[in-house]
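Enquirer: This is the structure I have questions about; it appears just below.
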Amino acid sequence: MSEWDFLWGLSGEDLENAISSGGTDDDWAYVEEQERKKRKMEWENLKSLRDKGIISREEFKKRKTYLFLNR
C-alpha cells in the first residue's frame, strides 16, 4: 500500500481536500474522536485527583484551565 492509496474512490472537492490536508473527512473525524476521548480521560483523571485530595482546589483550577484552554 502506498501513502496515496487513501485517495482511491475520491473525486472533486473531496479529492482536492484530501490531497492538500493528507487525510479524508473520515480520517479527520477519527482523529477528532480520539482527541475527544483523550480529553475526557484527562478530565476524569483530574477530577479523581481532586476528589481524593491529591491536589488542592487551586491546583485543580490551574490544571482545568490548562486542559480546556490549550486544546
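The values are calculated or read from the model by the stated rules, or taken from the named source; none is laboratory data. This is a predicted model, so every value here is computed, not measured. Don't worry about glycine lacking a Cβ; one is built from the backbone with ideal geometry, like all the others, and counts go over all protein chains shown. Surface areas here come from the heavy atoms of the whole protein model, side chains and all, with no ligands, DNA or RNA. Shrake-Rupley method; radii C 1.70, N 1.55, O 1.52, S 1.80 Å.
Enquirer: Which GluC sites (Glu not before Pro) in the chain sit in a loop by DSSP (not H, G, I, E or B) and have at most 14 other Cβ atoms within 10 Å of their own Cβ?
Expert: Answer in residue order: E3.
Enquirer: Shifting gears a bit: In Å², and per residue, what accessible area does the chain have when probed at 1.4 Å with the other protein chains present?
Expert: Result: 86 Å² of accessible area for each residue.
Enquirer: For segment 15-29, in order, what is each residue's ³J(HN,Hα) by Karplus, 6.51 cos²θ - 1.76 cosθ + 1.60 with θ = phi - 60°, in whole Hz (x at glycine and Pro)?
Expert: Once θ is set to phi - 60°, the couplings for segment 15-29 become 5, 4, 5, 5, 5, 6, 9, x, x, 8, 4, 5, 4, 5, 5 Hz.
Enquirer: Could you work out the relative contact order of the chain, using alpha carbon pairs under 8 angstrom and six or more residues apart, expressed as a whole percent?
Expert: 19
Enquirer: Ignoring ligands, DNA and RNA, what percent of the 1.4 Å accessible area of the chain is carbon and sulfur?
Expert: The nonpolar share, carbon plus sulfur, comes to 51 percent.
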